[in-house]
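Trainee: After the structure tokens below, expect a handful of questions from me.
The values are calculated or read from the model by the stated rules, or taken from the named source; none is laboratory data. Here the structure is a predicted model, which is why all the values come from computation and not from measurement. Cβ coordinates were reconstructed from backbone atoms using ideal geometry, including for glycine residues, and neighbour counts include every protein chain displayed.
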Amino acid sequence: MTIKTEMLHPLLIRIYHWLLAASVVVIIFTSLYTHNPVKILAFMDMGGARMVKFIFSYIAFFLMIARVYYGIVTRDLDHILFNRQDLKDLPGFLKFYFFMSEKEPPHAKYNPGQKLIFTSWLLVFGFAALTGFILYDHSRFGRLLPFFGGLQYLRFLHYLVFLYFVATTMLHVYLAVTEDPAKLQAMFTGHMRRKETP
Ligand code: HEM
Ligand code: HEM
């Protein structure tokens, strides 16, 4: 038996990943507080929580754009963006995850489910930024309000983004820590160690 080591996540991807993960967690908790300033989160005040949320929203926004740029330059965008082939492969992958088939279908770096979540995060975050900016200055962006059905609907749509991020982040973390310890380790060290039997 030999142990093979392969580079899975270059340093830039790891830095990107952990900065993005931290930013999304901070955005979730500060937004939770601005939505409902309960005592248990009272280590911040409303103005502070708002400010921290905006700073980390900008950071996350920048990181996502940087990741797409990195993907274009290194030609690895296909690893994270959900495409037609992934759509075809998705049923087989879901069958495996819902215990209806024994073997996980082969896939490239990420499986179709992960790619669907990663791609949706890019799009949903863009939508969060758009609705967030209109919420922030609805006197200036007031012309756009009718497209969303008014201020209350806009607020509700922005809140749905929050629920989406909470649910998918929990799913992502659950799968990351339960699926393959070698892959989890690779998000820290960059390398994945595989046992190979001849
Ligand atoms: C403790 C929390 C987390 C853990 C343990 C974790 C772990 C992982 C692991 C192991 C992978 C690689 C999956 C694979 O190789 O199959 C990954 C990828 C990824 N994770 Fe996380 N993650 C966490 C939180 C987050 C959060 C909060 C976000 C953002 C919402 C996030 C966004 C991503 C993205 C975008 C990728 C793909 C990286 C790429 O662009 O190549 N992760 N994560
Ligand atoms: C560039 C990105 C974003 C901008 C500019 C933005 C901006 C805003 C603004 C202006 C508000 C109204 C309250 C206030 O003025 O503080 C708000 C509320 C909120 N945001 Fe964001 N946001 C962004 C991203 C996000 C993301 C990614 C999430 C979820 C993960 C989120 C979750 C929330 C929640 C839960 C509320 C409270 C809604 C309510 O009380 O109904 N935001 N945001």
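Trainee: Restricting attention to region 27-54, and to residues there that are of a type in the set (Val, Ile, Thr) and within 10 Å of ligand 2 (Cβ to nearest atom), which single residue is nearest to Ile72 (Cα to Cα)?
Mentor: Ile27
Trainee: Only residues that are in contact with a helix residue (DSSP H, G or I) (Cβ under 7 Å, 6 or more places away or on another chain) and either in a loop (DSSP other than H, G, I, E, B) or not hydrophobic (A, V, I, L, M, F, W, C) (or both): list them for region 108-118, please.
Mentor: Matches in region 108-118: Ala108, Lys109, Tyr110, Asn111, Pro112, Gly113, Lys115.
Trainee: Hey, could you check region 15-66 for residues that are more than 23 Å from Phe118 (Cβ to Cβ) and among the charged types (D, E, K, R) and say which is modelled with the highest pLDDT?
Mentor: The selected residue is Arg50.
Trainee: Here is a follow-up. Which is within 13 Å of ligand 2 (Cβ to nearest atom) and either of a type outside the set (Val, Ile, Thr) or surrounded by 14 or more Cβ atoms within 10 Å (Cβ to Cβ) (or both), of Leu144, Leu163?
Mentor: The unique qualifying residue is Leu163.
Trainee: If I ask for residues that are touching a Phe, Trp or Tyr at 6+ places or on another chain (Cβ under 6 Å) and surrounded by fewer than 16 Cβ atoms within 10 Å (Cβ to Cβ), which ones from region 106-119 would you list?
Mentor: Thr119
Trainee: Within the set of pairs 6 or more residues apart or between chains, which connect a residue that is charged (D, E, K, R) inside region 46-61 to a residue that is part of a helix (DSSP H, G or I) and within 9 Å of ligand 2 (Cβ to nearest atom) with Cβ atoms less than 7 Å apart?
Mentor: Qualifying pairs under 7 Å: Arg50/Thr34; Lys53/Ile27; Lys53/Thr30; Lys53/Ser31; Lys53/Thr34.
Trainee: Out of (1) in a helix (DSSP H, G or I); (2) closer than 26 Å to Thr189 by Cβ; (3) basic (Lys, Arg), the odd one out for Arg50 is which?
Mentor: Answer for Arg50: the failing condition is (2).
Trainee: Which number in (1) in contact with a helix residue (DSSP H, G or I) (Cβ under 6 Å, 6 or more places away or on another chain); (2) over 26 Å from Leu11 (Cα atoms) marks the one condition that Pro146 misses?
Mentor: (1)
Trainee: Follow-up. Identify, by number, the condition in (1) farther than 18 Å from Ile117 by Cα; (2) of a type in the set (D, E, K, R); (3) within 13 Å of ligand 1 (Cβ to nearest atom) that Asp76 doesn't meet.
Mentor: Result: Asp76 passes all but (1).
Trainee: Still on this model: Name the pairs: first residue in region 141-160 and in contact (Cβ under 8 Å) with a residue 24 or more places away in the chain and more than 22 Å from Ile28 (Cβ to Cβ), second residue more than 9 Å from ligand 2 (Cβ to nearest atom) and part of a helix (DSSP H, G or I), Cβ to Cβ under 9 Å, at least 6 apart or on different chains?
Mentor: Between residues of region 141-160 that are in contact (Cβ under 8 Å) with a residue 24 or more places away in the chain and more than 22 Å from Ile28 (Cβ to Cβ) and residues that are more than 9 Å from ligand 2 (Cβ to nearest atom) and part of a helix (DSSP H, G or I), there is no close pair.
Trainee: Being outside any helix (DSSP H, G or I) and farther than 23 Å from Phe125 by Cα, is that true of even one residue in region 34-41?
Mentor: Checking region 34-41: at least one residue is outside any helix (DSSP H, G or I) and farther than 23 Å from Phe125 by Cα.
Trainee: A follow-up question, please. Report the residue count in region 57-87 for those that are out of contact with any Phe, Trp or Tyr (no Cβ under 8 Å at 6 or more places or on another chain), within 14 Å of Pro10 (Cβ to Cβ) and part of a helix (DSSP H, G or I).
Mentor: 3
Trainee: Of the numbered conditions (1) surrounded by 15 or more Cβ atoms within 10 Å (Cβ to Cβ); (2) farther than 22 Å from Asp180 by Cβ, Ile65 satisfies every one except a single condition; which is it?
Mentor: Against the list (1) surrounded by 15 or more Cβ atoms within 10 Å (Cβ to Cβ); (2) farther than 22 Å from Asp180 by Cβ, Ile65 comes up short only on (1).
Trainee: Residue check: is Thr169 among the hydroxyl-bearing types (Ser, Thr, Tyr), surrounded by fewer than 16 Cβ atoms within 10 Å (Cβ to Cβ) and either within 16 Å of ligand 1 (Cβ to nearest atom) or touching a residue at least 12 places away in the same chain (Cβ under 8 Å) (or both)?
Mentor: no
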